[in-house]
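Since every read-out is calculated from the coordinates, none of them should be taken as a lab result. This one's a predicted model, so the numbers in the text were calculated from it and none came from an experiment. Note that each Cβ is placed from the backbone with ideal geometry, even for glycine, and that neighbours are counted across all protein chains shown.
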Amino acid sequence: MIETSLFESEHLRLSSVDVDKDAPIESLWTYDLNYARHIDRSLARPRTMFEMKRYYQTLQKGQEKNELVHFAVRRRADDRLVGFWRLDGIEWANGVAHLQMAIGDAQQRCYEAELLMLALRYAFDELNLYRLQAWVPEHDRTAQTLYVEQGGFTLEGRRRLADFYAGRLWDVLMYGLLRPEWQASRVEVTA
Amino acid sequence: MNAERLQGALVRLALFDFEKDLPEWARWGRDSEYLRLSDSGPARQWPLEDMKKYIEENLETMHLFSIRTLAEDRLIGSVDLSGFNWVTGNAWVGIGIGDRDFWGRGYGGEAMRLMVRYGFEALNLRRISLSVFEYNPRAIRSYEKAGFVIEGRARQYLQREGRRWDVIYMGILREDWQDLEKEGS
């Protein structure tokens, strides 16, 4: 029997995007440019509700073509949107993908580790991927700690001066996690 | 800038010519080794029409050049810059020498150096990035000669021929390139 609840953990639930309800909330989060960079990697700027809706359409097309997987993340208690996680650049033949996740609601950041566990379990156990990578700008120390200490990711490289934030250039740190590494250190998530 | 800045001792970077160049692309596309050196996705056979459509759709956002020999004006490959981030001044370069007669003879290396110069001189880039596969040491050496340094290694990214291989990420900063230019002059 398979009884794992892939979409639920203690506090969180993974769901599809609710275009009309989520757009106004996520649009406000994009004032934080460290959040906005997840909408368009090549240009972090605040996004209107209209742009968010169009972005959801693009994500939906990507999902239909099996190139990406995107989840809206909600708090189980009241169904409130707290963030997202996504795999893009999925290459099925190589079993690899690029992981992105962020919690936009500042009060809910304590759930980041829980969300990462849900994401990793889905990527390895359900999608049968072999390798995940996450690229994090040097200024985002929280994400670095999260990927290394909670996720067991390995620092694989450093793209010099590949990010611009708060008035200056920063390196982009490249992290990778292989399935055997995750299996050796996996943390069980229960709903 | 003028056409001379796109010309070296062996090759020049020429405008892509749909009529003349596409059939050559189709010929290179039958070489599975070439495809596996160029792309991490599965090697496949695409109709000429699809290649044409791809170029038509992307020509305005990527900077694509055909690589032609100076001696015989022979088309031997292509090089392009894409994935621009104009805020950081980064772009990704891709190069392929489809004509096997010109592998390992410095033609690709020179084309890469011309493209790097174009990126810094004409497009005001701050850095140029590329990725290359572990099983392509000839390309890695050539990129190092052009001034790229290894910045990272995506362990076991590729699954090919029954085993896994790394993808290697390289980059060149404008300062790296300027130092090379000074040494050269």
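Values as computed for the structure displayed
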quantity: Candidates A:Trp182, A:Trp135, filtered to the one that is closer than 22 Å to B:Asp166 by Cβ and under 14 Å from the mean Cα position of the chain (by Cα); calculated: A:Trp135
quantity: Residues (in contact with a strand residue (DSSP E or B) (Cβ under 8 Å, 6 or more places away or on another chain), among the acidic types (Asp, Glu) and more than 7 Å from chain A (Cβ to nearest Cβ)) located in the stretch B:146-168; calculated: B:Asp166
quantity: All positions within the stretch B:130-148 that are part of a strand (DSSP E or B) and in contact with a Leu (Cβ under 9 Å, 6 or more places away or on another chain); calculated: B:Val132, B:Phe133
quantity: Subset of the stretch A:152-164 that is surrounded by fewer than 22 Cβ atoms within 10 Å (Cβ to Cβ) and in contact (Cβ under 8 Å) with a residue 24 or more places away in the chain - its residue that is farthest from B:Ser129 (Cα to Cα); calculated: A:Gly152
quantity: Top-ranked residue in the stretch A:43-90 [being assigned to a strand (DSSP E or B), more than 14 Å from every other protein chain (Cβ to nearest Cβ) and aliphatic (A, V, I, L, M); ranked as surrounded by the fewest Cβ atoms within 10 Å (Cβ to Cβ)]; calculated: A:Val69
quantity: Qualifying residue in the stretch A:165-179 (condition: aromatic (Phe, Trp, Tyr) and crowded, with 21+ Cβ neighbours inside 10 Å); calculated: yes
quantity: Failed item in (1) surrounded by fewer than 14 Cβ atoms within 10 Å (Cβ to Cβ); (2) out of contact with any strand residue (DSSP E or B) (no Cβ under 8 Å at 6 or more places or on another chain); (3) of a type in the set (A, V, I, L, M, F, W, C), with B:Leu15 passing the rest; calculated: (2)
quantity: Residues (under 20 Å from B:Leu81 (Cβ atoms) and among the polar types (S, T, N, Q)) located in the stretch B:142-177; calculated: B:Ser142
quantity: Hits in the stretch A:29-49 - residues which are over 21 Å from A:Ala123 (Cα atoms) and free of Cβ contacts under 8 Å to residues at least 24 places away in the same chain; calculated: A:Thr30, A:Tyr31, A:Ala36, A:Asp40, A:Arg41, A:Ser42, A:Leu43, A:Arg45, A:Pro46, A:Arg47, A:Thr48
